[in-house]
Each structure stands twice: as structure tokens, then as C-alpha cells.
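K.L.:
Below you will find the structure I want to go over with you.
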């Protein structure tokens, strides 16, 4: 049987299931609630919303042809 090593990376499929005890679930839920109930979290969530909105504005600009993809020039030192 394989042994878990925290120094290794692991993968799983979206169909795989993990079981949590009520204690584990409560611990995770309470930790997330306490983190999200801070002034700093509120700022980060607002910043994420603002980022989503400005990305949507940029996307509309690209689709309308107002915003163009910037083509980077290759310099001789990059070769």
C-alpha cells in the first residue's frame, strides 16, 4: 500500500470522493468563516469583483476592435 509523503505532489480526478468527519467539516467551515469575516478579506473579495469587471470591459474592447493585441518586438539580445 502506498504511503503518503507531504513532500510529493498528488493528483486525483473530479469523480474521486473524499470523506470528512463532522469534526473535520466543522473545522474547515469555521476556519473559512473566520477568514472571510475580516476587513482584509472584504477588501480582497471587492478587489476580485473589480478585477472581474475590468476584465469584462477589456474583453468588450477587444471584441469591439478598440483594444488591439500588443505585438512585442524581438530584440537581438533575446535571440
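Values in this text are rule-based calculations from the coordinates and carry no lab data. Everything numeric here is computed off the predicted structure, so don't read it as measured data.
K.L.:
Restricting to DSSP H runs of at least four residues, report the calculated mean residue ellipticity at 222 nm for the chain, -39500 (n - 2.57) per run over all residues, nearest 500 deg cm²/dmol.
P.N.:
That calculation yields -18000 deg cm²/dmol at 222 nm.
K.L.:
Mind checking the full-extension length gain between residue 3 and residue 71? Use 0.36 nm per residue of separation minus the Cα-Cα distance, one decimal, nm.
P.N.:
Result for the pair: 19.6 nm of gain on full extension.
K.L.:
Right, next: Looking at the chain from every direction and averaging, what is the projected area of its Cα convex hull in nm²?
P.N.:
12.5
K.L.:
For the chain, find the longest principal axis of its Cα atoms and tell me its angle to the long axis of helix 39-64, 0 to 90°, nearest 10.
P.N.:
40
K.L.:
Here is a further query. So how tilted is helix 22-36 from the main axis of the chain? Cα-based, degrees 0 to 90, rounded to 10.
P.N.:
40
K.L.:
What full-extension length gain, to one decimal in nm, is calculated for residue 51 and residue 39 as 0.36 nm per residue of separation minus the Cα-Cα distance?
P.N.:
Between residue 51 and residue 39, full extension yields 2.5 nm more.
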